[in-house]
Amino acid sequence: MLQAKIDTHTHTIASIHAYSTLLENIYAAKEKKLTGLAVTDHAPGLGPGETFNKSYFGNMRKAIPEFVHGIRILKGVEANVIDHEGNLDLPTSTFEKLDIVIASCHEKVVKPASSIEHDRIWENIAKNPWVDIIGHCGNGNYPFTHDKIIKLFKEYDKIVEINSSSFPYRKNARQNCREIALLCKKYGVKVSVSSDAHFVTDIGNFTESLTMLEEIDFPQELIVNRELETLLASLPKCQ
Ligand SMILES: [Zn+2]
Ligand SMILES: [Zn+2]
């Protein structure tokens, strides 16, 4: 059976539309026998305001210990793609203070367009050295040329997220994620499975993602968050 021991995408009350504290999430991670938890609140585009966000993300590494109750805490952000050039809504000076950066497209921030624009977004994100994880790219509102872009993620050593929250509510997510995962398997692209929890009860919930990956006989060794060591080895800012 496939497994993952670190939740690489979670939100706290700092995201405003999420409802648990970091400490509550940490206790839940411990209960679920995870070894690590990435706290990846939304950047300004979907968060409470730029000033708050910059100081919030900028102080995390200083304020939060590396381990809390035995859980490795990865300080991160879910940055928003803000335009069809793949620009993000936080500066490099903030990214360099973090362990893990997810780049995601959200309908409230970047307008869905055609696959030409979405290909350009992901081409530029692939080349962005500060981005570690490609967030929920199976969202059917942002179609892109899967084969070409997944190969590019391999070339630039990006991690492709298989987001468990996407399956029930993002357009065609189940079918798209399956197709994307099959290409990751074909080209040897690393994936992370994540809960994208907005409430404590969802921490460590990878069921939808792992079930789909099992169905396609996905190799465990490409799931980068199977162990803490393999995840850390894939994050340049944790070296
Ligand atoms: Zn998101
Ligand atoms: Zn999220």
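The values are calculated or read from the model by the stated rules, or taken from the named source; none is laboratory data. Note that this is a predicted model, so its numbers are computed, not measured. Note: ideal-geometry Cβ built from the backbone for every residue, glycine included; neighbour counts use all protein chains shown. Areas reflect the complete protein model, heavy atoms only, side chains present, ligands, DNA and RNA absent. Shrake-Rupley method; radii C 1.70, N 1.55, O 1.52, S 1.80 Å.
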Legend entry - Charge dipole magnitude, Cβ of K and R +1, D and E -1 - the stretch 6-233, Cα centre, debye nearest 20: 60 debye
Inset, instruction - Set the Förster radius R0 to 22 Å, insert the Cβ-Cβ distance between ASP157 and GLU215 as r into 1/(1 + (r/R0)^6), and round the FRET efficiency to 0.05. - result: 0.25
Legend entry - Inter-label distance, nm, simple model (7 Å from Cα along the C-beta direction), GLN239/LYS33: 3.3 nm
Inset, instruction - Would you mind telling me the antiparallel percentage of the DSSP bridges in the stretch 1-118, rounded to 5? - result: 20 percent
Inset, instruction - Could you tell me which trypsin sites (Lys or Arg not before Pro) in the stretch 1-70 are loop residues by DSSP with no more than 10 other beta carbons within 10 angstrom of their beta carbon? - result: LYS33
Inset, instruction - Could you calculate the FRET efficiency of GLU229 with ILE64 from 1/(1 + (r/R0)^6), where r is the beta carbon distance between them and R0 is 22 Å, rounded to 0.05? - result: 0.60
Inset, instruction - Put one equal scatterer on each alpha carbon of the chain, apply the Debye formula with no solvent term, and list log10 I(q)/I(0) at q = 0.07, 0.10, 0.12, 0.15 1/Å to two decimals. - result: -0.19, -0.40, -0.59, -0.97
Inset, instruction - Return the carbon/sulfur percentage of the accessible area of the chain, one whole number, probe 1.4 Å, all protein chains in place. - result: 54 percent
Inset, instruction - With a 1.4 Å probe and every protein chain left in place, work out the accessible area per residue of the chain in Å², rounded to a whole number. - result: 42 Å²
Legend entry - Of LYS33/LYS62; LYS111/LYS151; LYS75/LYS127; LYS108/LYS186; LYS111/LYS190; LYS54/LYS148, those spanning more than 30 Å from alpha-carbon to alpha-carbon: LYS108/LYS186; LYS54/LYS148
Inset, instruction - Would you work out which of ASN141, PHE153, ASN176 lies farthest towards the positive end of the dipole of the stretch 134-192? Charges go on Cβ: Lys and Arg +1, Asp and Glu -1. - result: ASN176
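Sorted by average packing, counted as other Cβ atoms within 10 angstrom per residue and highest first, what order do 225-238, 89-102 take?
Details: 225-238: 17.5, 89-102: 19.6.
My ranking of the peptides, most packed first, is 89-102, 225-238.
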Legend entry - Dimensionless Rg ratio for the stretch 1-96, taking C-alpha atoms and the 2.2 N^0.38 Å reference: 1.12
